[in-house]
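Working notes, beginning with the structure itself.
The values are calculated or read from the model by the stated rules, or taken from the named source; none is laboratory data. Values in this document were obtained by computation on a predicted structure and should not be read as measured data. Reconstructed Cβ throughout: ideal geometry from the backbone, glycine too, with neighbour counts over all protein chains shown. For the accessible areas, the whole protein counts, side chains as well, though only heavy atoms, and no ligand, DNA or RNA atoms are used. Shrake-Rupley method; radii C 1.70, N 1.55, O 1.52, S 1.80 Å.
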Amino acid sequence: MSGETVRGPETAAGAGVLRRDAVGLREVLFQSVTAMAPAAAVAASIPSGAAFAGGSLPLSVLIALVACLFTASCVAELARELPAAGSVATYAAQGLHPAVGFLVGWGYVFVEALVPPLLLLQLGFTTAGTLHQEWASYPEDLWWPWALAGAAIIAAAGWFGARASARFGTVLGVFEILVFLVFAVWLIGKAGSANTLSVFGTSHTGKDHSGLGGVFAGSVYTVLAFAGFEAAAPLAEETRDPRRTMHRAVLGAALGIGLFYVLTTYAMTVYFGPDRFSGFGASGAASWEGVARASFGLFWVLVFLAVVNSTIANANACATVSTRTAFALARIRVLPRVLATLHPRHRSPVAGIAVQTVVAVGAVLGLGFGYDPVTAFLLLATVIVTVVIGVYIVVNLACAGYFLRRRRELLKPVRHLLVPLLGIIAFVPALLTAAGIPVFDFVTELTTPVSYAGPVVGVWMAAGVVVLLVLLRRHPERIAETARVHLDEPASTGHPQNGAVQP
């Protein structure tokens, strides 16, 4: 093969193709694991449910795990049937309608491109804040060099292809999980006779949200920590035995990290004290780092490094998701074709990686200096979670639609109809909570500028509808190709066996 840059699907056979068999189960499993950011979730996200569930937070996490497994099962079923870099866009196109698939892809590539700047902001203010706490001479507002350093690391990992990026994520993922597992076992041992299964009941909920209501509220906030379990799916075209591997990776990540969340939350709850756990949070003395600092000497450094590690690993995983999804949409020309440009050697979507890096740096500096890094983080987090949960709900519908419309002979009523319904029911309260819509009394209305998240999402999706209408009028075949499974095509012809599906 010559050294020239390769573009989209209309080039010679084999051109415009991501590197086949680049990664296996271990790498794609950790693609989903690191996208869930387990260390950051345990230390910063899950404790947000403690204000409601109190010492019953382990039960809330267990309920959230069961709820998320419904949607993870749907994603896994579709990933096995439709191994495509377009992932959720392809699932929606096949299960519902190609136009829905386009809109899902349009929203998904947008928010996944915003995840790296979100995590880079967290990397910046977490590192700067910790250094300032240890050495007062270090300026707490000097956060941006750490964010830019993280952006450079992620861009380099992506440039060298799926294998390098996935292996990098695997190393980071193993480190953060081991640190928190060791700490959790240590906490359980130190708790001694205070260990109790009563934290899996309702007797320790917060005083303002007692009983099942507090547990439910805690589980809604905890559900958000599971986002990312589907991140293995966009690597389907670069994975060995993708149908089997994707199914195992998505379910394995959701179940494995869910149990990790249950164990670590239980450990901290019984050590800290269930009846005062409603005051536990993401910072200060009543936090993971605070407990580590007070009771375990220099072990807090490992906890800090694990959280920092988690931000880089998560950003790396989601950069892979955004660039592969953009590549999938660009090769069928519903996004600019330049995004389908591949590196001639590494077969990585280099144009997408360049755009991703520019977006990340622009969002980090623009929003971080325009507001402050923490406020910018909250704004981006609200945008991302709102769209991602909406995508999960659509994927549940797509699972039922696909097996009802296209693979009726494989239809299993419980797995393909009841489970998707339960997945939708589980995520609707989380969607309302993330959007700040006060349907429940525990939902906090969003304040400015975080409240801008709704209009931002609305404007982006409205732009997507305009693009969709233009494409339907001028190039309807491109929208139809959102349902195309390129991996099923013979390399010699470029024509699909399970190709563009008409509505």
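Figures for the structure shown
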read-out	value
Residue (of Leu397, Phe427, Phe183) at the positive-pole extreme of the chain, dipole from beta-carbon charges	Leu397
Positive-end residue, the chain charge dipole about Cα centroid, Cβ charges, pick of Ala232, Ala480, Gly436	Ala480
Over the stretch 275-360, volume per residue of the alpha carbon convex hull, in Å³	144 Å³
Charge dipole of the stretch 283-350 about the Cα centre (unit charges at C-beta), most positive-ward option of Ile332, Val350, Gly290	Ile332
Karplus 3J(HN,Hα) series, Hz, for the stretch 87-100 with 6.51 cos²θ - 1.76 cosθ + 1.60 (x for Gly, Pro)	6, 4, 5, 5, 4, 5, 5, 6, x, 10, 6, x, 5, 5
Accessible solvent surface per residue of the chain, calculated while the other protein chains remain in place, 1.4 angstrom probe, Å²	38 Å²
Reciprocal mean inverse distance between Cα atoms of the stretch 230-297 - Kirkwood radius, Å	14.6 Å
Cut-off under 5 Å, modelled amide H: who pairs with Thr341 long-range	Ala351, Gly352
More than 22 Å apart - percent of Cα-Cα pairs taken over the stretch 286-425	64 percent
Longest to shortest principal axis, alpha-carbon extents of the chain, angstrom	67, 54, 41
Estimated dipole of the stretch 353-416 in Debye, rounded to 20 [Cβ of Lys and Arg +1, of Asp and Glu -1, Cα centre]	680 debye
Disulfide-incompatible cysteines by the Cβ rule (no partner under 4.7 Å) in the chain	Cys68, Cys318
Neighbour cut-off at most 14 other Cβ (10 Å), DSSP loop, trypsin sites (Lys or Arg not before Pro), the stretch 12-66	Arg20
Under 5 Å, built H, 5+ apart or other chain: amide partners of Leu18	none
Scaled radius of gyration (Cα, divided by 2.2 N^0.38 Å) that the stretch 402-442 gives	1.64
Size of electric dipole in the chain: Cβ of Lys, Arg +1 and of Asp, Glu -1, about Cα centre, debye, nearest 20	1360 debye
From phi via Karplus (6.51, -1.76, 1.60), per-residue ³J(HN,Hα) for the stretch 323-334 in Hz, x at Gly/Pro	6, 6, 5, 4, 4, 4, 7, 6, 6, 9, 6, 9
Å³ per residue enclosed by the Cα convex hull of the stretch 45-135	148 Å³
Carbon and sulfur %, accessible surface of the stretch 278-426 computed with the full protein complex present, 1.4 Å	69 percent
For the stretch 364-369, 3J(HN,Hα) per residue [Karplus equation, 6.51 cos²θ - 1.76 cosθ + 1.60, θ = phi - 60°, Hz, x = Gly/Pro]	4, 6, x, 6, x, 8
Computed log₁₀ I(q)/I(0) - Debye formula, equal Cα scatterers, no solvent, the stretch 348-500, q 0.09, 0.10 Å⁻¹	-0.47, -0.58
